[in-house]
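The values are calculated or read from the model by the stated rules, or taken from the named source; none is laboratory data. Quick caveat, the model's predicted, so the values are computed rather than measured. Cβ sites come from the backbone with ideal geometry, for glycine too, and all protein chains shown count toward neighbours. The accessibility values were calculated without ligands, DNA or RNA, using every heavy atom of the protein model including side chains. Shrake-Rupley method; radii C 1.70, N 1.55, O 1.52, S 1.80 Å.
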Amino acid sequence: MSSPLADAQNLLTDLIARYAPRVDYLMIRLEESEGTDILLRGDKVETLSEGISIGGQVRACYKGGWGLSSFNQLETISERIEEAVLAARIVGDEETQLAEVKPVQDNCFVPLSGTDPRLISLATKKALCDRYSNILKSVDSRITTTSVRYSDSAQRIILASSEGTLIEQAWVDMEMRFAATARNGDTVQTGRETTGSRKAYEDLTSLDEQVTGAAQRAIAALSLPPVKGNIYTVVIDPILSGLFVHEAFGHLSEADMAYENPDLLEAMSLGRRFGPEELQIFDGAAPAGHRGSYFYDDEGTPATTTQLIEDGVLVGRLHSRETAGKLDETATGNARCLNYHYAPIVRMTNTWIEPGKTPVADLFTGIKEGVYARNWLGGMTNGEMFTFSAGEAWMIRNGQIAEPVRDVTLSGNVFQTLADIEAIGDDFYWDESGGCGKGGQNGLPVGCGGPSLRIRDVVVGGEAV
C-alpha cells in the first residue's frame with residue numbers, strides 16, 4: 001500500500017543535517033494514522049466515523065530547554081523545525097541532560113495474528129455494535145441505559161534524530177467498551193466490560209458472554225445489600241490487582257513525577273522496602289502481544305522490561321531519556337505520546353505483579369469477616385492515595401465466600417497497602433482493556449496484569465456501620 005510517508009526518510013535525513021548544528025538534540029516524528037470510531041447509546045448512534053490523519057512533530061533541545069512544534073501539512077515542515085529550534089534556544093539556560101541511547105536504524109511492524117480491522121467494512125463494524133447493544137437491552141426490562149463503543153486505530157511512525165536514529169514502526173490497536181445501567185426505584189447500578197487487542201479483529205467478535213455478564217451484574221446488584229463500611233481483610237481478583245498496580249503504584253514509578261517533586265522522589269527512594277519478599281512488580285513494552293507492547297518508544301529507545309520492585313524492595317523506575325539523564329539512571333523506553341499533537345512523556349506500557357505461590361482457595365483461609373472483590377467499575381488516584389470501585393463483591397465469613405454485596409469501594413495509601421499484602425495467589429490474568437490518561441493524553445493503550453491478592457486493613461466504603 002502506497003503511503004504519503006513513503007519518501008519521507010531521505011527528506012528527514014536532509015532536514016536533520018541542516019538544523020541539528022543549532023541545537024543539542026533534534027527529533028522529527030512523522031505519523032500516518034487511520035481509524036474507526038463508533039458509539040451507540042441506547043437506540044441512538046452518537047458517533048459513526050472513519051478517518052485518516054497525517055502529521056508530525058518536531059522536538060528540539062538546547063541548553064536544557066525544549067521547543068515543540070506540531071503540524072499536519074508536510075510542506076510546512078521546514079518552518080515548524082525553525083519554530084522548535086527558536087523556542088528551544090529562547091528558553092534554554094541550563095544543561096541538556098539526556099541519557100545515552102545507541103542510535104538505531106530499523107523498520108519494524110507489530111504483527112497481527114488474524115484479520116486487520118482495516119479490511120472490515122464500517123457497516124460490518126456497526127452491525128457488531130448493534131448486536132452487542134441488543135444483547136445488553138434484552139437481558140432485563142430494568143436496563144434503562146446502554147452504551148457500546150468500538151474503536152480501532154492503525155498508526156505508522158517514522159522517527160529521525162540528530163544522533164543518527166532512523167526508525168519506522170507500525171501497529172494496529174482495537175478496543176470495545178460496554179456498559180448497562182439498571183434502575184429499580186431509587187436504586188441504580190451499572191455493569192461494565194472493556195476489552196482490547198493488538199492481534200486480530202476476531203478478538204472482538206465473540207464477546208456475547210462478557211456483554212451479557214455486564215448487564216446481568218447490573219440487574220443482580222439492584223437487590224443486593226450494600227456492604228457495611230469498615231476496615232477489612234480483602235481478597236482481590238487479578239483484574240483489580242492489575243488496576244491497582246497500574247493506577248496506584250505505576251504512576252508513582254514514572255520518573256517525571258519524581259524528579260519534579262522532591263518529596264515524592266524521597267518517598268520513592270531506590271532500596272526502600274515496599275512489600276513482602278514475595279512481591280515482584282514489572283513494567284515493559286518488550287513482552288509481545290499486549291496493548292502496551294512496541295519495539296521502540298517515541299524517542300527511539302528500544303523497548304525493555306524494567307523490574308520496579310524486587311523481593312519487596314524498590315529497585316527501578318520508568319524513564320524518558322531526559323528523566324534518566326537528570327537522575328543519572330538508564331533510559332527504559334517509556335517515553336510515549338498519544339499522537340503527533342503531544343510531546344512524549346513518561347508513560348507505563350504493560351505493568352504487572354508476578355504470581356506468587358499461594359493457591360487461590362487458601363487466600364480466604366482464616367478470614368473471620370472480610371470482603372472478596374472482583375472486576376472494576378472505576379477509580380481515582382491522588383498521589384499516593386487511591387479509591388477503586390469493585391464490579392462485584394462478596395462477604396468472606398469464616399474463610400468462605402458468603403453473601404454478595406454491592407457499592408464496594410476500596411481506599412487506602414499505596415505504600416501502606418503494598419506493605420499490608422499478606423499473600424499472593426498463584427493465578428494470573430492479563431487485562432488488555434486499559435486506556436491510560438496523563439498530561440491531557442487520554443486513552444493511550446496499556447496492558448496490566450497480576451494474581452489474586454490478600455491484603456489486610458483495607459478501608460472498604462459502603463453503608464455506614
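Structure notes:
- Each peptide in 424-436, 314-326, 186-198 was scored by the mean count of other Cβ atoms within 10 Å over its residues; highest first, the order is 314-326, 424-436, 186-198.
- Above 19 Å, the calculated P(r) of region 1-134 contains 65 percent of its Cα-Cα pairs.
- Per-residue packing, averaged as other Cβ atoms within 10 Å, sorts the ranges 383-389, 176-182 into the order 176-182, 383-389, beginning with the highest.
- Potential lengthening between Glu329 and Thr76 on full extension [0.36 nm per residue; Cα-Cα distance subtracted]: 87.4 nm
- FRET efficiency, Thr144 to Tyr429 (Cβ-Cβ, R0 35 Å, nearest 0.05): 0.70
- Heavy-atom accessible surface of Arg406, to the nearest 10 Å², is about 40 Å², with a 1.4 Å probe and all protein chains retained.
- Spatially, region 383-431 and region 314-370 are offset by 19 Å when compared through their Cα centroids.
- Summarising the strand pairing of the chain, around 90 percent of its internal DSSP beta bridges are antiparallel.
- Modelled FRET efficiency - R0 56 Å, Asn413 with Ser206, Cβ distances, 0.05 increments: 0.85
- Among 214-220, 127-133, the peptide with the highest mean count of other Cβ atoms within 10 Å heads the list, and the full ranking is 214-220, 127-133.
- Counted over region 295-355 with a bin width of 10 Å, the fraction of Cα pairs per bin, in whole percents, is 22, 51, 23, 4.
- Prolate/oblate/rounded call for the chain, Cα gyration tensor, a/c under 1.5 rounded: oblate
- Fully extended contour minus Cα-Cα distance, from Lys228 to Thr124, at 0.36 nm per residue: 32.8 nm
- Solvent-accessible area of Thr305, all protein chains in place: 70 Å² (probe radius 1.4 Å, heavy atoms, ligands and nucleic acids excluded).
- Cα-based shape type of region 170-292, given that a ≥ b ≥ c are square roots of the gyration tensor eigenvalues and the cut on a/c is 1.5: oblate
- Label point distance in nm, Leu48-Thr305, each placed 7 Å from Cα along Cα→Cβ: 4.5 nm
- For Ala218, neighbours were defined as the other residues whose beta-carbon sits under 14 Å from its Cβ, and their charges (Lys and Arg +1, Asp and Glu -1) total +2.
- Each Lys and Arg Cβ is given +1 and each Asp and Glu Cβ -1; about its Cα centre, the chain then shows a dipole of about 1060 debye.
- For region 144-202, the square roots a ≥ b ≥ c of the C-alpha gyration tensor eigenvalues yield an a/c of 1.5 or more together with a/b exceeding b/c, which makes the shape prolate.
- Calculated from backbone phi, Karplus (6.51, -1.76, 1.60) coupling profile of region 39-44 in Hz, x at Gly/Pro: 9, 10, 10, x, 8, 9
- Percentage relative contact order, the chain, counting C-alpha pairs under 8 Å, at least six apart: 15 percent
- Surrounding net charge for Thr115, when Lys and Arg each add one and Asp and Glu each subtract one, Cβ distance under 14 Å: 0
- Mean-position separation - Cα centroids, region 144-191 and region 213-238, in angstrom: 26 Å
- Taking the helices alone, the chain has a mean residue ellipticity at 222 nm of -5500 deg cm²/dmol, built from -39,500 (n - 2.57) per DSSP H run of at least 4 residues and averaged over all its residues.
- Lysine pairs in the chain with Cα atoms under 17 Å, if 8 or more residues apart or on separate chains: 7
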